[in-house]
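Have a look at the structure below before the remarks.
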Amino acid sequence: MDSSIKIMIIEDDAIDARFIKTVLGAAGYDADVSQHPNEALMVLNQHPYDLILVDLKMVDMNGMQILELIKRYYPTTEVIIITAHASIDTAVEAIRMGAYSYFVKGDPARKLLADIKTIATRKMEKNTGIYGESSAGASRLKTRGATFTNILSQADQLAAVGMNVLLVGAPGTGKKNFAQHMCKSTPQTDGPVYETDFSVDGESLSQQNAKDRLNIFLDQYGSTGTCVLLNIDQADPIILSEMLSILETRISRYSSKKALISVISTSTLQSIPKLKATYGSEFFFLYWGIKLELPEIRERREDLPLIAEDIVKKLSATFNVPTPDVDNSLLEYLSAATFVREFEGLETLVQRIFKVSSGAALTSDLIEQVEIGDILLKEEYLIFPSEPSSLKEAREQSEREFIKTVYARSGGNKTRTAAALGISSRQLYNMLKKYDLED
């Protein structure tokens, strides 16, 4: 059987359902059958399908109603409407609502199979890109919901015309994987990529090397490719300013030859005002004026079963073992949980459960055998471990960052810094000591 495409048949006539399943089976396709539309929608909520074949006329719910629900909540799932009565008006309306095609019972089966083959081929082509990568982090891009599908569509459109984009979101929402995905949609799809992660390049010397590597990249490739700057809110302001100046100087916006390099940056949403204040409006609007906000787990609950199963599939490939089943009870548990560091926490929990399962099916009972205190949050736990523990600590963090920024702008001149902050030199000296900002 062809396992490259997952198909469901929704047909309340048992004889017709068996006939369609037999036709698909003879062509090498396996398909699940549901004779009750409401039950089928419940299954869809737990397991993704690539294609739904749905009868137009049913007792509980007609095919057009099901089509509308599928396209609203699972927009990447294709739908083929099947009916015993040909109607051009109904066919046109089904296509307008998002159906892939329309098949009349009694027509040659090859017409239906040709459409299914095309859908399967498209799915295979899509999976050769970022979605097919082996890293667990790439699973965060899996979606069947309208929210994230729309964001992916916007990202692809912006990347296709080479726009500079700022990706913002909470830690663990998958900004790096999203940036790497966008690289696949830029004008130079297979072009070179310069990437630096300022959360890793934490030391000034390493960040200086990042600037040098950018120059080497431009020397080698000129104005072609993609520049990915990860976690720019953690960059040394002086180093990042110099890197942007290098891009501004060497890839002139006013050249008669269109530059083919685009800049994709990532940051947290809270850092946007600081970026504008630190680097000025010109740099801000040139490189970060267009932003895409990545949703948190609570906004993508419908995607979690799909993501969890994909993580399990990748883990199985990594360890070269058969992919175990994932029980619905575990998927329901994961879909309702609140994780530290969003999808990163989900990945960690699935990895731990996979390890203790020893090849058996993954069930909710296995949760008792793994450590969860560091990755799961109770509902009453309103402040995440990565956040300040109090309002006082939050104020001190903000004060420290502001002093650090102004101090860097002054080139380490304490007199100019104190004057800019409106405090005395003695107060500045005490604050530099307090926040460990002294040279």
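The values are calculated or read from the model by the stated rules, or taken from the named source; none is laboratory data. Model, not experiment: these values are computed from the prediction. Neighbour counts run over all protein chains shown; Cβ positions are idealised from the backbone, glycine included. Note: accessible area is taken over every heavy atom of the protein model, side chains too, but ligands, DNA and RNA are not part of it. Shrake-Rupley method; radii C 1.70, N 1.55, O 1.52, S 1.80 Å.
Measure nothing fancy, just the Cα-based angle from helix 391-409's long axis to the longest principal axis of the chain, in degrees from 0 to 90, nearest 10.
In the chain, helix 391-409 runs at an angle near 60 degrees to the longest axis.
Tally up the carbon and sulfur contribution to the accessible surface of the stretch 390-439 as a whole percent, 1.4 Å probe, everything protein left in place.
Its accessible area is 49 percent carbon and sulfur atoms.
Work the Kirkwood hydrodynamic radius out for the stretch 34-74: mean of 1/r over every pair of different alpha-carbon atoms, inverted, in Å.
Taking every pair of different Cα atoms in the stretch 34-74, averaging 1/r and inverting gives 10.4 Å.
Ignoring ligands, DNA and RNA, what accessible area per residue does the stretch 283-439 give at 1.4 Å, in Å²?
Normalised by residue count, the accessible surface of the stretch 283-439 is 58 Å².
Quick one: what are the phi-derived ³J(HN,Hα) couplings along the stretch 298-303, Karplus 6.51/-1.76/1.60 with θ = phi - 60°, whole Hz, x for glycine and proline?
4, 9, 10, 4, 5, 8
Based on C-alpha coordinates, I'd like the Rg and Dmax of the stretch 7-110, in Å.
In order Rg, Dmax, the Cα atoms of the stretch 7-110 give 12.6, 34 Å.
Most fluctuating residue of 32, 50, 60 in a GNM of the chain with Cα springs under 10 Å: which is it?
Maximum among the listed residues: 60.
Among the aspartates and glutamates, which have Cα under 15 Å from the Cα of residue 291 when same-chain residues fewer than 8 positions away are ignored?
156, 233
Label residue 290 and residue 107 with points 7 Å out from Cα along Cα→Cβ: what is the distance between them in nm?
3.9
Say we join alpha carbon atoms closer than 10 Å with springs in a Gaussian network model of the chain; which of 192, 171, 108 then has the biggest fluctuation?
108
Report, ordered by chain and residue number, the lysines lying within cross-link reach of residue 414, taken as a straight Cα distance under 21 Å and ignoring same-chain residues fewer than 8 apart.
Residue 414 reaches 404, 433, 434.
What's the whole-number percent of alpha carbon pairs in the stretch 209-346 lying beyond 18 angstrom?
The share of Cα pairs beyond 18 Å in the stretch 209-346 comes to 67 percent.
Just grab the label-to-label distance for residue 209 and residue 245, each label 7 Å out from Cα along the Cβ direction, in nm (one decimal).
About 2.3 nm, to one decimal.
For the chain, what relative contact order do you get, as a whole percent, if you take Cα pairs closer than 8 Å and at least 6 residues apart?
Relative contact order comes out at 13 percent.
So for the pair residue 146, residue 36, with labels modelled 7 Å out along Cα→Cβ, what separation do we get in nm?
2.7
Which of 264, 116, 423 moves most in a GNM of the chain, Cα contacts under 10 Å?
Its mean-square fluctuation being the largest, the pick is 423.
Taking only DSSP H segments of four or more residues, each worth -39500 (n - 2.57), what value at 222 nm results for the chain once the sum is divided by all its residues, to the nearest 500 deg cm²/dmol?
-15000 deg cm²/dmol
How far is helix 204-221 tilted off the main Cα axis of the chain, in degrees rounded to 10, range 0 to 90?
Here the helix axis deviates by roughly 60 degrees.
Under a cut-off of 28 Å between alpha-carbon atoms, report the lysines in cross-link reach of residue 105, not counting same-chain residues fewer than 8 places apart.
Filter leaves 6, 21, 57, 71, 117, 123.
In whole Å, largest first, what are the principal axis extents of the Cα atoms in the chain?
88, 60, 40
Within a Cβ distance under 12 Å of residue 425, other residues only, what is the Lys/Arg minus Asp/Glu net charge?
So the environment of residue 425 carries a net charge of +3.
Output ³J(HN,Hα) for the stretch 318-334: one whole-Hz value per residue in order, computed from phi by the Karplus curve 6.51 cos²θ - 1.76 cosθ + 1.60 with θ = phi - 60°, and x for Gly and Pro.
4, 9, 6, 10, x, 6, x, 5, 10, 5, 4, 4, 6, 4, 5, 4, 5
Amide H neighbours of residue 263 under 5 Å, counting only residues 5+ apart in sequence or on other chains, H built in-plane at 1.01 Å?
For residue 263, whose amide H was placed from the backbone, the distant partners under 5 Å are 164, 165, 227.
Convert each backbone phi in the stretch 338-344 into a coupling constant with the Karplus relation 6.51 cos²θ - 1.76 cosθ + 1.60 (shift: θ = phi - 60°), then list the ³J(HN,Hα) values in order as whole Hz, x for Gly and Pro.
Karplus-based 3J(HN,Hα) across the stretch 338-344 equals 10, 10, 6, 6, 6, 5, 4 Hz.
Report the longest stretch of the chain that contains none of the trypsin sites (Lys or Arg not before Pro) sitting in a DSSP loop with at most 10 other Cβ atoms within 10 Å.
1-252
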